[in-house]
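Reviewing the structure listed below.
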Amino acid sequence: MYGRLLKMRMITVAILAASLPLTPAMAGPTAPATVRGVQIELRLNKAAYTAGEPVEITLTLLNPATAVAKFQFPTGQMYDFIVSKDGQFVWQWSFGRAFTQAFTALTLLPGESKLFKEQWDQRDARGHQAPAGEYEMVAVFPAGEVEVVVPPQGETLRVRFAIVGGPR
Amino acid sequence: MKRTLLQAGWAPLVLSVMLVVGCTSGSGLVGVPGPGHGVPTGPPPLPSSDAGLADHVPQQIVIGFLSGADIRKVIVAVNGKALKEIKELNSVTVGLPSATSIVDTIRRLQGMASVRYAEPNYVYHLFLTPSDPFFSKQWGPQKIGAPAAWDITAGSPNSVIAVVDTDVDSTHPEFSGKILTGTNCTMPPEPVGTPVRVMHGTHVAGIAAAIGNNGVGIAGISWAAGILPIKVCLTSSGLCDNSAIACGVVFGANFATSTMPVVENLSLGGAGYAQQIKDAIDYAFQKNVLVVASSGNDGKSTVLFPAGFPGVMAVGATTPTNDRATFSTYGSHLSVVAPGVDIYSTLPVAVGSYGLLSGTSMAAPHVAGVAALILSLSPGLSPTQVRSQIERTATHLGSSSFDPQFGWGLVNAAAALGALVPSNYGQVQITVQDATAALVGGADVALWVGTASCLGLTQVVQTAQTSSGGVGTLGVAPFNAVPVGSYCATASTMTQKGSTTAAFPVVAGTPTTRIVTIGP
């Protein structure tokens, strides 16, 4: 185990929300990625939100293979979500949170899926309501490289969801 | 069986089994090494009188002879009586008449041509090897000298370790009878019975304080200590909200009394500087509570929190070969390091009771355990005194002084229980006011290595914010553990700035107050 830890370098796999039209009524955007055979999907519940409306975030992991999939994380943190607007940082899920500082394993049996749900209340890192406009959300999966296959760079897409109404 | 001479400052408290060693040698006089000192390679110089000798058998010496020496003649010359001869070593244990000075006799013998060496018949302590069957799987206690420390004390139920963490499995036999009534600070409270996915708190508690020498499992560093479980992280995810952490730190601080000191262990961290947690840690300090935190697992020279808050002992992780664990966060804020790779400790009973985990989370409770051992002997020590005791008795790694990779070095439990060293820290309070002498809350204050007239910013040592009221005193930024030295302070808001006009000294154990006036 120690030998593996020594070899481990942190790799961040970015999963970006897929581009969708900004239609409040339609289902939210999704972004798929595959990491070591495990399908990972980031999903928002809507493509556009009114000011102050919670942004529901779902990260789904599914192991479609017949073999067990195992990930190892350097802390208790298994994911993160980062919101930006026009390339400027707005909010990060892990900001204002702490995590246990022991290596953590995540095991997915064949066919098993795991679901992580979080929420963004549209307040930026300083606690202010984010203004109306188009935003990007990135999901981060901070597993060690020993355990994952990094998707080719070209697969990631940068797209948006929106906050409509409220201050601009 | 390992043997050593133990030169502890609390010798009257030694409860260990004593072993009178019939065979001694001049090269085995190993005292507890101080910081940066290797193992001595020869005998120590003789003291001026017998009172200065380490533990020895009264009226006995050991004489080593050169081959062909007339042993009987030498023994008669010092009015001695041969008690035991080891021919293979050409040495004789000799009894002396009462009221004979051992030191004087040895000096006399050292002047005789046929004598190779003469020395007291030292008494060595038998290290307490606990009866726990999995002790052999624990490399951490051995590495930090815990068995020698246990000859002095294994802690006290009145010296409490607060495990500010996920749940601690109170049904675990390793914690039988020692779990105190803690609290659950998670919001909303994670219900009892939530499936255990994160076993962290139970593992951390075991490293610090699992019952030792009980024939079961493992031995914690301070195995007699009480455990105060304070839940601030979700057992379902390992996530720890800042407000929960602050709640937990305050709970632990309020639990402490003058006769029941508390050490808080926070094996958690994050990137954000949270004023609420900073205030909670300052509050703990005021309650005389030491806070120990893991430095972080990003493997970089970064500052994570709460390890980065002034006064918190930031603990990094080492490997069995005394290297910095590749994941261990390091930097100038690091206090000491401790074992943190493949650490065997308790897990919830439902998932097998014992297992391995790695991380700086595992390093911190080694240090918290040592702090609890110190406080079990000296419950009145301040947090900075305990911290100084641990830092100044640590075994330097990397360099012969402070090293950003290892802090002050590898914690040394046995040495930490030796004679008390002076504290290396003082306290500073900076009051910030504007031109009208109105107190300013929320100002950022940097404490930096002083220049004569406080011109030009040198190395920033610590930063803090002035209180806006509520917790702390309005307009005051507290620095609870500032290394002794000369400092300047600079305060700033979005629109105003100011500095002290002259450097001021920080003296160990003494509060220093200064006023900084800020302006546009």
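Rule-based calculations on the coordinates, nothing more; no lab input. Note that the structure is a prediction, hence the values are computed from the model and not measured. When we count neighbours, we look across all protein chains shown, and the Cβ atoms used for this are built from the backbone with ideal geometry, even at glycine.
Between residue B:158 and residue B:496, residue separation times 0.36 nm minus the direct Cα-Cα distance comes to 116.9 nm. Each helix, a run of at least 4 DSSP H residues, gives -39500 (n - 2.57); summed and divided by the residues of chain B, these come to -5000 deg cm²/dmol at 222 nm.
Of all lysines in the structure, those lying under 18 Å Cα to Cα from residue B:81, and not within fewer than 8 positions of it along the same chain, are B:73.
With a ≥ b ≥ c the root eigenvalues of the C-alpha gyration tensor of the range B:458-520, is it rounded (a/c under 1.5), prolate (a/b larger than b/c) or oblate?
The shape class here is oblate.
Neighbours of residue B:216, meaning other residues whose beta-carbon lies under 9 angstrom from its beta-carbon, give a summed charge of -2 when Lys and Arg score +1 and Asp and Glu score -1. The H on the amide N of residue B:298, modeled in the peptide plane, is under 5 Å from the matching H of B:329, each at least 5 residues off or on a different chain. The Cα center of the range B:46-78 and the Cα center of the range B:195-238 differ in position by 50 Å. Counting, for every residue in B:275-286, the Cβ atoms of other protein chains within 10 Å of its Cβ and taking the mean gives 0.
For a straight C-alpha distance cut-off of 17 angstrom, the aspartates and glutamates reachable from residue B:287 (same-chain residues fewer than eight places away being disregarded) are B:264, B:279. Annotation: amide H of residue B:318 within the under-5 Å range of B:325, B:338, B:340, B:341, sequence separation 5 or more or interchain, hydrogens built in the peptide plane.
With θ taken as phi - 60° and the Karplus curve 6.51 cos²θ - 1.76 cosθ + 1.60 applied, the whole-hertz 3J(HN,Hα) list for the range B:134-150 is 9, 4, 5, 7, 9, 8, x, x, 5, 5, 9, x, 5, x, 5, 5, 5 Hz, x standing for glycine and proline. Summary of the geometry: the range A:74-127 and the range B:284-338, compared by the centres of their Cα atoms, lie 23 Å apart. Taking the empirical scaling 2.2 N^0.38 Å for compact globular proteins as reference, chain B has a Cα radius of gyration ratio of 1.11.
Compactness ratio of the protein assembly as shown: Cα Rg over 2.2 N^0.38 Å, N = residue count?
1.13
For the pair residue B:136 and residue B:83 in one chain, pulling the backbone fully straight at 0.36 nm per residue adds 15.3 nm over the alpha carbon distance. For a straight C-alpha distance cut-off of 26 angstrom, the lysines reachable from residue A:114 (same-chain residues fewer than eight places away being disregarded) are A:46, A:70, B:231. Distance between the 7 Å Cα→Cβ label points at residue B:49 and residue A:164: 9.4 nm. From least to most packed, judged by other beta carbons within 10 angstrom and beginning with the fewest, A:118, A:136 follow the order A:118, A:136.
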